[in-house]
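The values are calculated or read from the model by the stated rules, or taken from the named source; none is laboratory data. Here the structure is a predicted model, which is why all the values come from computation and not from measurement. Using ideal geometry, Cβ is built from the backbone for each residue, glycine included, and neighbour counts are taken over all protein chains shown. Just the protein is used for accessible areas: all its heavy atoms, side chains included, with ligands, DNA and RNA removed. Shrake-Rupley method; radii C 1.70, N 1.55, O 1.52, S 1.80 Å.
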Amino acid sequence: MNDTYTTQKLLNLRRLTRTIGETISGRMKAYIATLTPLFRQRAVFGEYIQASGKETIKGADQAFKELQGLYETIAVAAPFHLPRELNSPLMQMTSSLELTPWEYIHTAGKDGESKTITVTSPFKSIITYTGYSPKRLKELLTNRNRNDGELQQFVLHYLAMHIVISKQPGLAQILNTLHFPLASSQLPDFGALPITYITSSISTSLPPDALVIESTELSGKNAFEELINVEDIGNLGDPFKDQLMEMLKAGQQ
């Protein structure tokens, strides 16, 4: 993004971000809704998850071992402090999906002073199984009378999501080809728990802090939405075509 900003440029970029964002958000939701059956846990873990009927899945043993390993590393540590034991089969798990906008805290500085601002990345969303959003997980962790059984279900749903995607590389490849790559990261409140997210090949970013602070002062809210990087639109390519072209170049050397 160009470092030269004016208030008018910010307003224009904000309008453009929201206009294009409607299309990007609509496609993201439509693709995820169509591909939801591929996120079904039992398709990877088989009968290690309770459900009606039998479903023998090749590789389910290894997938469950990986789940156990992650659980024993992550769930027993802060901020969860859950028991190490993990019984099999696991309770029936929710397979429908929901998207949550990606937010983070940014400390903006201006004239020697700083301001804490909640920033939203409009083209990036966390993918969770329905009912297991980051907001609900944070509420559960801050509850003094928390239910360890419920907290365990949250941790297992996040870990299962991570493994389901890793065991089905075609899922990520499909979305990448559609310009909506999948990835995982960690959030400060949730320790080493892998957080799966989907984003757009068209990125967004923050303008200079001075302009961010000015915008929040005008709106009266300590919140800001990243702005579209318009040059990304012209740089959109075809991942599959790019891969084949690289192979072609290598074969001609």
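Condition check for residue 225 on (1) under 30 Å from residue 166 (Cβ atoms); (2) open to solvent by 30 Å² or more (accessible area, probe 1.4 Å); (3) modelled with pLDDT of 95 or more; (4) not hydrophobic (A, V, I, L, M, F, W, C): one failure, at (1). Within the stretch 69-92, the set of residues being in contact with a helix residue (DSSP H, G or I) (Cβ under 8 Å, 6 or more places away or on another chain) and modelled with pLDDT of 95 or more comprises 70, 71, 74, 75, 79, 80, 82. Scan the stretch 178-199 for residues that are more than 15 Å from residue 160 (Cα to Cα) and β-branched (Val, Ile, Thr) and the total you get is 2.
Among the residues of the stretch 34-73, write down those that are of a type in the set (A, V, I, L, M) and over 26 Å from residue 190 (Cβ atoms).
Across the stretch 34-73, the qualifying residues are 51, 57, 60.
Of everything in the stretch 135-169, what is open to solvent by 30 Å² or more (accessible area, probe 1.4 Å) and among the small types (Gly, Ala, Ser)? Give them in sequence order. If the condition is that a residue be open to solvent by 30 Å² or more (accessible area, probe 1.4 Å) and among the small types (Gly, Ala, Ser), then 149, 166 are the ones that fit.
What's the number of the condition residue 195 fails, among (1) open to solvent by 70 Å² or more (accessible area, probe 1.4 Å); (2) under 30 Å from residue 140 (Cα atoms)? Exception for residue 195: condition (1). Among the residues examined, residue 174 does not qualify as of a type in the set (A, V, I, L, M) and not in a helix (DSSP H, G or I).
Quick grid of which residues meet (1) more than 25 Å from residue 44 (Cβ to Cβ); (2) in contact (Cβ under 8 Å) with a residue 60 or more places away in the chain:
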{"position": "155", "(1), (2)": "no, yes"}
{"position": "198", "(1), (2)": "no, yes"}
{"position": "211", "(1), (2)": "yes, yes"}
{"position": "218", "(1), (2)": "yes, no"}
{"position": "225", "(1), (2)": "yes, yes"}
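Got a sec? Which of 108, 77, 63, 43 is touching a Phe, Trp or Tyr at 6+ places or on another chain (Cβ under 6 Å), in contact (Cβ under 8 Å) with a residue 60 or more places away in the chain and not β-branched (Val, Ile, Thr)?
63
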